[in-house]
Amino acid sequence: MMVAESAAFASPGVVNQFFLARQPILNREQRLFAYELLYRNANYTPGGAFPDGTSATASVIAHANELGMQQVVGDQLAFVNVDAAGLMSDFIGFLPHDKVILEVLETVIPTEEVIGRIHELKGMGYRFALDDVATDCEVVQKLQPLVDIIKVDIKAIPPEGLAALTDSLRSPQHKLLAEKVETQEEFQQCLDLGYEYFQGYYFAKPAVLTGKKISPSQIAIIKLLELLTGDAEQRDIEQHVKQDPLISVNLLKLVNTPGLGSSVRINSVGHALMVLGRRQLQRWLQILLYARGSEFDSPLLQLATSRGKMMELMMEKLRPRDRVTAEIGFTVGIMSLMDALFSIQMDELLESINVPEEVRDALLNREGQFGEALTLIELVEMAHGGSELGERLEKLGMDLQDLYETQLTAYEWVNGVSSGH
């Protein structure tokens, strides 16, 4: 099961081995609907053995409760895997029924006891999904009436067989979710077949379009970022903001949110810039590129801001009191998905943006300390454990505790950005 975005979580003092990974689930408009929470052993390698399902479920629940479900998934729902033993256990009750969807693993045999337990949990308000469906077999048919969502593993089905399976599973009682969607073509096929939800990494892969142009507002934001990087005069920055109505309106919305702490309503661009400050202005502009106005439920935005904040925190840990390096780290993280945002090759994109050579090396070749840190984050997003993860951590001078702390703080910060605080 592929993981697009993840965190290295563990209980304090017991950080040795475990990941709590999260993968975005999108709706038909490609907005965030939920996250699937997945437990991974830090020594896991693709194709390797996983811990037993009950331990995995218990670990997800323990970590999620320790951190707070709101902190782990924000305002979204959480899909949590359960096997038969997990279903029968008492610790399911620690999960908030209005916040989670229990995902019944493909290994679960629908015995009378299991079916009775699902009915009991449904009576308590829990909702269910059926995982990794690839055939309309007897097990699926028995569990199908009990679940709210059926997850279809499109990689386990020949493309020409997907339509027939989809038709056999379709029902007004539940929605269909396509998992392991890795390309825009796969997304479009499933969209056309009527799938409601989509899980996979396709949204973060650049679909390069010949002759693609960056919009005027995006060009204006990039120009502003160049002015800030070049330490331009305040009047030049203010003048440039005023030239773009979209930026001006969003800036005024931002500074008038309660989270900024201003007790007086701010109506001028100049005053807004003074309140916000240059560092926060630069941060906000980088996020605005992904936000498409005021929409903060974009999975690309969530992933980019998570990378940016995590890169910043890693640099702070590696180079204490070096604010400039931390800021460059944030820039590298958030720019690393701009090719997907603009549907342009990264090297072509960087021709129109003035960035330091170390940023260019990191984005194009994953070279230098920034490149090493970005590669580490990408490994974590894909839930790749094992020796490569350990080697990257060691090379950077970090350990799993550092990874845990930076990722947790990054999630908390991104949730704040997403909710407008």
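The values are calculated or read from the model by the stated rules, or taken from the named source; none is laboratory data. Since this is a predicted model, take the numbers as computed values, not measurements. Positions of Cβ are backbone-derived with ideal geometry, glycine not excepted, and every protein chain shown enters the neighbour counts.
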Among the candidates M311, M382, residue that is touching a strand residue (DSSP E or B) at 6+ places or on another chain (Cβ under 8 Å) and either under 20 Å from R22 (Cα atoms) or surrounded by fewer than 23 Cβ atoms within 10 Å (Cβ to Cβ) (or both): M382
The lone exception for I222 - which of (1) farther than 21 Å from S268 by Cα; (2) in a loop (DSSP other than H, G, I, E, B); (3) modelled with pLDDT of 80 or more it fails: (2)
Residues (touching a Gly at 6+ places or on another chain (Cβ under 8 Å) and either modelled with pLDDT of 90 or more or of a type in the set (D, E) (or both)) located in segment 98-123: D98
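Here is a yes/no grid of residues against (1) among the charged types (D, E, K, R); (2) modelled with pLDDT of 75 or more; (3) in contact with a strand residue (DSSP E or B) (Cβ under 9 Å, 6 or more places away or on another chain):
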position: V241; (1), (2), (3): no, yes, no
position: N267; (1), (2), (3): no, no, no
position: G270; (1), (2), (3): no, yes, no
position: R279; (1), (2), (3): yes, yes, no
In segment 301-360, the residues that are more than 18 Å from the chain's Cα centre (by Cα), basic (K, R) and not in a loop (DSSP other than H, G, I, E, B): K317, R323, R360
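Okay, residues lined up against (1) aromatic (F, W, Y); (2) surrounded by 16 or more Cβ atoms within 10 Å (Cβ to Cβ); (3) over 26 Å from the mean Cα position of the chain (by Cα):
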residue: E138; (1), (2), (3): no, no, yes
residue: P158; (1), (2), (3): no, no, yes
residue: D167; (1), (2), (3): no, no, yes
residue: L177; (1), (2), (3): no, yes, no
residue: T183; (1), (2), (3): no, no, no
residue: Q199; (1), (2), (3): no, yes, no
residue: P206; (1), (2), (3): no, yes, no
Matching residues, segment 385-421, being surrounded by 16 or more Cβ atoms within 10 Å (Cβ to Cβ), in a loop (DSSP other than H, G, I, E, B) and either of a type in the set (V, I, T) or modelled with pLDDT under 85 (or both): G385
Positions within segment 346-362 being within 19 Å of P216 (Cα to Cα) and exposed (fewer than 15 other Cβ atoms within 10 Å of the Cβ), in sequence order: E348, E351, S352, N354
Close pairs from segment 348-376: first in the same structural domain as L396 (by TED's automatic domain parsing) and on the phi > 0 side of the Ramachandran plot, partner among the acidic types (D, E) and at pLDDT 90 or above, Cβ under 7 Å, at least 6 apart: G368/E358; G368/D361
Some residue of segment 108-129 being within 19 Å of Q173 (Cα to Cα) and touching a residue at least 60 places away in the same chain (Cβ under 8 Å): no
Residue in segment 80-88 that is closer than 30 Å to Y411 by Cα, surrounded by fewer than 19 Cβ atoms within 10 Å (Cβ to Cβ) and out of contact with any Pro (no Cβ under 6 Å at 6 or more places or on another chain) present: no
Filtered residues of segment 140-152 (kept if surrounded by 17 or more Cβ atoms within 10 Å (Cβ to Cβ), within 24 Å of the chain's Cα centre (by Cα) and not aliphatic (A, V, I, L, M)): K151
Criterion violated by E196 - all others in (1) among the acidic types (D, E); (2) in contact with a helix residue (DSSP H, G or I) (Cβ under 9 Å, 6 or more places away or on another chain); (3) in contact (Cβ under 8 Å) with a residue 60 or more places away in the chain satisfied: (2)
